[in-house]
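Novice: Input: one structure, supplied below.
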Amino acid sequence: GVHRQILFTTVGWFVGYYLIKRTEYIHAKLDRELFEYVRQHPEDFKAAEKKRIGELLEDFIPVR
């Protein structure tokens with residue numbers, strides 16, 4: 001009946017809430033570890049030189 005639907009809805013909400021919080025924690029932990037690694041090894045992560053859009057695109061050759 002209706003009481004079973006309310007029970008399953010409540011249980012599903014709590015399980016979903018827990019899973020979302022767990023995934024957010026795991027991603028935050030991974031981000032923290034990666035940012036710490038990047039901070040400790042700046043020679044491995046040098047900033048790339050900026051290129052103009054013309055340097056990125058190939059020359060246009062129309063097909064006839």
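The values are calculated or read from the model by the stated rules, or taken from the named source; none is laboratory data. Not measured: the values here are computed from a predicted model. Heads up, the Cβs are rebuilt from the backbone with ideal geometry, glycines too, and the neighbour counts pull from every protein chain shown. In case anyone asks, the SASA skips ligands and DNA or RNA and just uses the protein heavy atoms, side chains included. Shrake-Rupley method; radii C 1.70, N 1.55, O 1.52, S 1.80 Å.
Novice: With every protein chain left in place, what is the accessible area per residue of the chain in square angstrom, probe 1.4 Å?
Specialist: Values: 7010 Å² over 64 residues.
Per-residue value: 110 Å².
Novice: Measure nothing but the geometry: give the 0 to 90° angle between the long axis through the Cα atoms of 2-40 and the longest principal axis through the Cα atoms of the chain, rounded to 10°.
Specialist: It works out to around 30 degrees.
Novice: Could I ask something else about it? Over all directions, the average projected area of the alpha-carbon convex hull for the chain comes to how many nm²?
Specialist: Projected area, direction-averaged: 11.5 nm².
Novice: Quickly estimate the mean residue ellipticity at 222 nm for the chain, helices only: each DSSP H run with n ≥ 4 gives -39500 (n - 2.57), and the total goes over all residues, rounded to 500.
Specialist: Theoretical 222 nm ellipticity from helices: -23500 deg cm²/dmol.
Novice: For Lys21, list the lysines whose Cα falls under 24 Å from its own Cα; do not include residues on the same chain fewer than 8 positions away.
Specialist: Lys29
Novice: How far, in nm, would the chain grow between Glu55 and Tyr18 when pulled straight, counting 0.36 nm per residue and subtracting the alpha carbon separation?
Specialist: Working: separation 37, 0.36 × 37 = 13.32 nm, distance 4.82 nm.
Residue separation times 0.36 nm, minus the Cα-Cα distance, leaves 8.5 nm.
Novice: Tell me, in nm to one decimal, what length is gained between Lys46 and His3 on full extension, where the rule is 0.36 nm per residue of separation less the Cα-Cα distance?
Specialist: 9.5 nm
Novice: While we're on this one: Looking at the chain, which chymotrypsin sites (Phe, Trp or Tyr not before Pro) are DSSP coil and have at most 11 other C-beta atoms within 10 Å of their C-beta? Working shown, then result.
Specialist: On the way: sites: Phe8, Trp13, Phe14, Tyr17, Tyr18, Tyr25, Phe35, Tyr37, Phe45, Phe60; in loops: Phe45, Phe60.
Those satisfying the criteria are Phe45, Phe60.
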